[in-house]
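One structure is given here, and the rest of the page talks about it.
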Amino acid sequence: MTKVLEDKETKKRKRVPKELIYEMRYGSPIYYRDYDKVLSGEKTLEEVIGSSKIQAWIISTILEFLLKVLNGKKYKVFTNEAGFQWVPRTWRNLDIAIFNKKKLLKEGLTDKYTKTPPEVVIEVDTKADLRKYGDMLSYMKEKTQDLLNAGVKKVIWYTTDDKKVMVAEKNKRWFITDWNDTINVIDDIDLNIEDLLKKVRYRPLRSVTLHQKTQVSDLLLK
């Protein structure tokens, strides 16, 4: 009976196109949010894999900040869901990753996902389907622990619905704080996301859900 159920589950997974797989964890796929709506024809592939306006705005703002303050001779910044694969059949997408440039070049530049662990990973929300996790925090904890186990030194994760940031380092106390708290990113570089967003004239809407935030047109001040 168990084998029959396993066979059915395997066949079910095979019907999901690889384009709808967001990440892979030890052979188990993590699909894009609303992937089933693509399968049913309710949404297009582009609708589920693209970033929301609020997510894209924050990521690009952090990236602009880092490119101004980081030592370009020492560090290289990847973005655009950079793929990181440290063991077979396992890979994670990274919103922003800060690499030691020498270590990255030592691995070599290829058309494959990088195997070199970033020094720091910065995430903003997620595009993953969270139904099997139950909530966002469970997914965040799993992915963060995977990254730390793989050699990433620090993970910083911003969530837009509650304006919180989680900071995790291996063998150190993880903590969650507010956007108005100043977080050390790397070396002597600190980031206060609330202050940074004010400088670029960002103002999130109040009393709306994250889904609603991605649908309205006035997320950003004109």
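At a glance:
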read-out: Residue check for L63: over 20 Å from R33 (Cβ atoms) and without any contact (Cβ under 8 Å) to a residue 60 or more places away in the chain; value: yes
read-out: Test for K127: is it open to solvent by less than 50 Å² (accessible area, probe 1.4 Å) and closer than 20 Å to I49 by Cβ; value: yes
read-out: 2 or more residues over 20 Å from K153 (Cα atoms) and open to solvent by less than 60 Å² (accessible area, probe 1.4 Å): qualifying helices (runs of 4 or more DSSP H) within region 35-117; value: 35-39, 45-49, 53-69
read-out: Every residue from region 163-178 that is at pLDDT 95 or above and of a type in the set (S, T, N, Q); value: T177
read-out: Matching residues in region 163-199 - criterion: being open to solvent by 70 Å² or more (accessible area, probe 1.4 Å) and of a type in the set (S, T, N, Q); value: N171, N180, T182
read-out: Among (1) closer than 23 Å to K53 by Cα; (2) surrounded by 20 or more Cβ atoms within 10 Å (Cβ to Cβ); (3) touching a Pro at 6+ places or on another chain (Cβ under 9 Å), the one test that T160 misses; value: (2)
read-out: Test: residue in region 14-28 that is open to solvent by less than 70 Å² (accessible area, probe 1.4 Å), modelled with pLDDT of 95 or more and charged (D, E, K, R); value: yes
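The values are calculated or read from the model by the stated rules, or taken from the named source; none is laboratory data. Bear in mind that the values here come from a model prediction, so they are computed numbers and not experimental data. Note that we place each Cβ from the backbone using ideal geometry, even for glycine, and neighbour counts take in every protein chain shown. Side chains are part of the model used for accessible areas, which takes the heavy atoms of the whole protein and leaves out ligands, DNA and RNA. Shrake-Rupley method; radii C 1.70, N 1.55, O 1.52, S 1.80 Å.
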